[in-house]
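Following: one structure in structure tokens, then a few remarks.
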Amino acid sequence: MFAATEQSDVDVTSRQVEVDDKLRSVRSWLDDRGVAGVVLAGADAVAWLTAGLTTPIERGAPVGPLRLVVTPDVFAAVTTNVERPRLEVEAGLERLGIHLHEAPWFEPGGLERVAAELSGRPPRELASDRAPGFGMSCDDDFVELRLTLARPERKRLELLAVDTAAALEGALRVWQPGERDLDVLARVDEALERTGAFAACLIVGGDERVERFRHPLACGREMGRLVMAVAVAERGGLHAAATRFTCAGGLPDGVAKAAAAARAVEDEMLAASVPDATYGEVMRACERAYAAAGYPGAWRDHYQGGPIGYRQREFEIVPSQTGSRWFRTPLAAGQVVAWNPSVAGGGKAEDTYAVEPGGPRRLTDTGGWPLEGDRPAILDLTTGAAA
């Protein structure tokens, strides 16, 4: 989380500008919707509106011990009496014009009660993303509000993306055949923690488990010929995702075929991920690409990814969901995507890309991993090059 005592005046000013811009967009949303106010409870929405404040008492929990209240003339926060002393000193809320209040930690619904009181309106006239007892849900609307990241957010996410890739690649480069999956996982986890990030998702598995299972969770098995490591890292509420593979002595034909097919699908999804295209158009490209690779309908076998930001994926979407609001939502410069095509037998492709006018730009790029074309390859430790 942000610590006010560690921020320079430049950092504080930049954060204030970011928060002010977002506050204007929230109030504009209130006006457009005809809603008296909103109570934000989701860890994602809180981090977004405060320019990176997180309170991860329970890491990965969708709702934390902080509520934000916004009306046309109120901008306030509510936390428990347990967390208030720390937040008052370290969160910098007062410098952002956010007045902090408290509710007893033991009162059921206490945060929501105080939030409604601060708004000056009855709960039925308020919206909320994740808190119960209010008049309408605004969760999807706020996902759409934050899909296009502001420049400071993009900079923070770019730094996180490099740290995510570096953690995976560093852990895999020193893998030795026979090492346990838990040991590789621990190295990835430690590397992320040392950057102030944590693994919202961390999967490490090897050998035949990679070929059999989409999610070969670490379980203490030794890995002798193939390793897959997957991470979605979180810092300051933002997320970055990547997958890396390494092998010893080359790839089995089946794994090589599946990996090539997954990359081919990702190629087409990325080619479709341009400003003004819709997420539905990307999904149609996904469906066509699986069929062209010889795996028609294989998108049904695993999550295909989506835009990434204040959630591991802001939303998931598949080719059959033509009635979803997200199917017709356009991509825009400033959005970030992490597609995740996979093919049975050990094929998977996943990186984090900025959507830009000239085409997607890979953010999970350390400059030190072997490539196949312009994309991360499978590292063969015996040669130090692409398998």
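Things to note:
- Within the chain: Cβ-based charge dipole about Cα centre, in debye rounded to nearest 20 (Lys, Arg +1; Asp, Glu -1): 460 debye
- Remark: the chain carries 42 Å² of accessible area per residue (probe radius 1.4 Å; ligands, DNA and RNA excluded).
- Comparing ASN340, THR383, ALA354 along the charge dipole axis of the chain, the residue lying farthest to the positive side is ASN340, per the Cβ-charge model.
- Solvent-accessible area, 1.4 Å probe, carbon plus sulfur percent, for region 130-266: 50 percent
- The chain: angle of helix 151-173 to the longest principal axis, Cα-based, in degrees nearest 10: 40 degrees
- Helix 110-119 and the longest principal axis of the C-alpha atoms of the chain enclose an angle of approximately 60°.
- Rounded to whole numbers, the Karplus 3J(HN,Hα) couplings from phi for region 199-215 are 8, 5, 9, 8, 10, 9, x, x, 6, 5, 5, 5, 6, 8, 10, 6, 10 Hz, using 6.51 cos²θ - 1.76 cosθ + 1.60 with θ = phi - 60°, and x at Gly and Pro.
- For the pair VAL318 and ARG59 in one chain, pulling the backbone fully straight at 0.36 nm per residue adds 90.5 nm over the alpha carbon distance.
- Using a simple spin-label model with pseudo-atoms 7 Å out from Cα toward Cβ, HIS302 and ARG325 lie 3.0 nm apart.
- For region 1-149, the spread of Cα positions along each principal axis, largest first, Å: 40, 36, 28
- Spherically averaged projected area of region 66-152 from its Cα convex hull (nm²): 6.5 nm²
- Estimated [θ] at 222 nm from DSSP helical runs (n ≥ 4, -39500 (n - 2.57)) normalised by residues in the chain, nearest 500: -11000 deg cm²/dmol
- 13 Å beta-carbon shell around LEU331, net charge (K/R +1, D/E -1): -4
- Summing Cβ point charges (Lys, Arg +1; Asp, Glu -1) relative to the Cα centre of region 18-161 gives a dipole of roughly 200 debye.
- Region 37-91: C-alpha gyration tensor shape, a/c 1.5 cut-off, then a/b vs b/c: oblate
- In the chain, one over the average inverse separation of all distinct C-alpha pairs is 22.0 Å, which is the Kirkwood hydrodynamic radius.
- Here region 250-293 is described by how far its Cα atoms reach on the three principal axes: 41, 18, 10 Å, from widest to narrowest.
- For the chain, with +1 on Lys and Arg beta carbons and -1 on Asp and Glu, the positive-most of GLN312, GLY297, LEU68 along the dipole: GLY297
The values are calculated or read from the model by the stated rules, or taken from the named source; none is laboratory data. Computed from a predicted structure; not experimentally measured. Quick reminder, even Gly has a Cβ in these numbers, built from the backbone with ideal geometry, and neighbours come from all protein chains shown. The area values use the complete protein model at the heavy-atom level, side chains included, leaving out ligands, DNA and RNA. Shrake-Rupley method; radii C 1.70, N 1.55, O 1.52, S 1.80 Å.
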